[in-house]
Each structure stands twice: as C-alpha cells, then as structure tokens.
Amino acid sequence: MTEQIIVEVDLSIHPYQGIIGSFQTQWTSWLEPGFIYYFPRDSPISYNILPGDIILCEKEPIYVCDSGKVIMPIKKFKPLDLIRYIKENPDVEILSWDYPGRSRHFLEIARDFFRNKEKLSKTDVFEKDDLIKLITSLIQISQFNTENLLFPHLKQQIYNSIIDTLDILFSEACLEKICSLKDDLSAYEILALVLPKLFFSFPEYVTSATAYKKIKTAIGKKITIKEKLTLIENLFVKDIENWLKTNSSDLVNFDLLMESNYKDLAKKVLQIRQEEVRNAPVIFKGATKKQYDISQLRETTLGKKLINNLKISERKKWIEQEVFALIELAFKKIGIELNVIKYVGPK
C-alpha cells in the first residue's frame, strides 16, 4: 500500500488555473498561502468536495511545482470513518488548518490523543513521558472551541467522540499508572488524567493546597483503585464547591456537567447563575414609554446568553419596554424575578 496522508480541503483560490481543491500550509504576512496542495482535475473526488471536507490522499505527489504539489485523493471521510482511520493509523500525517498562526491543529491533537490513549492499555511500555504526553493531549482538547476553528462541524463530532471515551475505565487506568509510577503530579495534572470531564467542565478551577494534600494522601493509600478513584473524586468535587463560592461560573461547561455524573455540581452552578441575575439591578426610567438599563444584567452568565439570543446590540445600554418584556417573561418562566429599580438621578 502506498503511504497516505489526511488533508483538510480549502476552497479553490486560483480557479483560473483550474484548481479544484487546495490546502494551505504556509502563510505570508498578508495571510495568503505560500504553499498549496492541489487535487487533479481528472479525479471524480475533485468535483465533489466542500470546504472542510477531510480527504485521504496518496502522500507521493503526482507533480511538484514552485507553488505546491498535486496529490491524488483516494476517498472522502465520514466522521466515524475518520475516527476509525486515525485510531488504526496513529502515525498518519495530517495536513489540516484552523486559523493561521495556531501551533497545533485539532485533527493533529485528536490523532495524538488516540495514540497516547492506545498506549495506556499497554502496561509494559507506559512510562512517565507517556503520561505527560497524555496530559498534554487532554489539556489541548480541553481548549477546544468552535469559534477558534475553521469548518468546525466535523471536528465537533470528533471532539464528542473523544469525550465519550473518557469513561470510568479510562480514569481507573490513568490512576493505576499514577500509582505505579510513583511520581508527584500537580493537582491540575491529576484532575486532567483521573477526572477529565470534571477538568473540562471547570477550566479556571485551581485546587486548594489543603485538597491537594488530601488527594496525594489518597493516592498513597493501600486500597483498591476503585476506592481511590471515589475518594479522589469526592475531594475534588468538595473543593470545587468551595471554589465556586468565590469565583465566577461564567466559563463553566454546564452542558458537559449535566451530561456527566456531576448533576449536583451542575445544580449548584445553576443556582449561582440564577442568584447573579436576581442581584443584578435593572434601572428603568420614564413613565409612559419606559426604558431599561440592562448593562448589569448583561454581565451575568444567564443574562448575557439571553440578551445575545435576542440579538440585542452589545452597544445598547437602554432598551425599550417591549423588548424588556421578553427578557422579563423568559426569566419568570424559570422562576427568576428581575431586580427592577426606578431611576433616581438627574434628568
């Protein structure tokens, strides 16, 4: 079999040259491609591609010119096929792009994660460096944000697939490696490995020194891995509850919390966000035609989300009564009374 590579398709940028698909690997200071991969016009796949499609190609170019290479496409991937191929070919080269200047592309990060996770199951070859590589992959995956990606749809499906693999068996395997290697890891690293969904859900959380000391003690206890995992999870959850009392919940991944085994934590986050709304004063002025200042409401997580959904301009501080009525009604439906206060000041 000829050596293969995975290519993410961009739009044709020089149609007058007959280019069907291209991939941009280097960028000039004007954000123009400095080197391009072309698909040949005589391939049927070249006429059936869209921006963001992922194509399996032959690595050996058909033709090389000053501006790039012509490579032969083999097939267009569907999401599950792509994930399967990456798992089965962990060393495959990936020519993918998100935004120019990003050091790593998400498909590369996903490939490295599956490669490191596969090595985790091979107890005889897994060492400290492998543990660090797995931690690095998890940290990079935790920073996944569709706003920072071009053509995010397929990458979102791959991200969801990775999340699905982070089950209790993964946690137990990681904890077992931590115990056997007997190396001190930071609380940040332990959380990423042992409780990755909790790690993804609270990107700004910093473990307290007291909790970290108890977690290290738990790791050294002579009990089963399952018992250690339960003990460590309880310590992290309790510490996060305390952390939430003095820190913003704005960046908490609420949806992931609800989908995982942390529904009680999700309820606490929701209660905090609801209380933020109740405490945010909404100033109104006028008698017959009232206007409402929603600037402080916009600073809350729930308020900002609702206001954005209503397509209210970020520059708009005061809104009309008809628009405010929609906001007020939406919050009443989830049991929140807004803190409406009459404006007192110079006219």
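The condition of being of a type in the set (D, E, K, R) and at pLDDT 95 or above holds for only one of 222, 226, 245, that being 226.
Here residue 336 meets the list (1) more than 18 Å from residue 270 (Cα to Cα); (2) in a loop (DSSP other than H, G, I, E, B) almost entirely, failing just condition (1).
Would you be able to say whether some residue in segment 317-328 is of a type in the set (Val, Ile, Thr), in contact with a Pro (Cβ under 7 Å, 6 or more places away or on another chain) and either assigned to a helix (DSSP H, G or I) or touching a residue at least 40 places away in the same chain (Cβ under 8 Å) (or both)? No, every residue in segment 317-328 fails to be of a type in the set (Val, Ile, Thr), in contact with a Pro (Cβ under 7 Å, 6 or more places away or on another chain) and either assigned to a helix (DSSP H, G or I) or touching a residue at least 40 places away in the same chain (Cβ under 8 Å) (or both). In this structure, does residue 77 turn out to be modelled with pLDDT under 80 and not β-branched (Val, Ile, Thr)? For residue 77, the condition - modelled with pLDDT under 80 and not β-branched (Val, Ile, Thr) - is not met. Does segment 81-91 include one or more residues that are within 18 Å of residue 10 (Cβ to Cβ) and surrounded by fewer than 13 Cβ atoms within 10 Å (Cβ to Cβ)? No, segment 81-91 has no match at all.
Condition check ((1) surrounded by fewer than 20 Cβ atoms within 10 Å (Cβ to Cβ); (2) farther than 18 Å from residue 121 by Cα; (3) free of Cβ contacts under 8 Å to residues at least 60 places away in the same chain; (4) among the acidic types (Asp, Glu)) across all residues:
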| position | (1), (2), (3), (4) |
| --- | --- |
| 160 | yes, yes, yes, no |
| 164 | yes, no, yes, yes |
| 176 | yes, no, yes, yes |
| 195 | no, no, yes, no |
| 215 | no, yes, yes, no |
| 242 | yes, yes, yes, no |
| 251 | yes, yes, yes, no |
| 266 | yes, yes, yes, no |
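Within segment 80-92, residues that are under 15 Å from residue 155 (Cβ atoms) reach partners that are modelled with pLDDT under 85 and surrounded by 16 or more Cβ atoms within 10 Å (Cβ to Cβ) with beta carbons closer than 8 Å, at six or more positions or on different chains, in the pairs 82/154. Does residue 296 satisfy being surrounded by 13 or more Cβ atoms within 10 Å (Cβ to Cβ), touching a strand residue (DSSP E or B) at 6+ places or on another chain (Cβ under 9 Å), of a type outside the set (Gly, Ala, Ser) and closer than 14 Å to residue 279 by Cα? Yes. In the set (1) more than 30 Å from residue 81 (Cα to Cα); (2) in a helix (DSSP H, G or I), residue 222 fails one condition alone, (2). Contact map, segment 47-62: first residue farther than 14 Å from residue 79 by Cβ, second residue in a loop (DSSP other than H, G, I, E, B) and among the hydroxyl-bearing types (Ser, Thr, Tyr), Cβ cut-off under 9 Å, separation 6 or more or different chains; pairs are 58/2; 59/2; 60/2.
The values are calculated or read from the model by the stated rules, or taken from the named source; none is laboratory data. These numbers come from a predicted model, not from an experiment. Because the Cβ atoms are built from the backbone with ideal geometry, glycine has one as well, and the counts that use them run over all protein chains shown.
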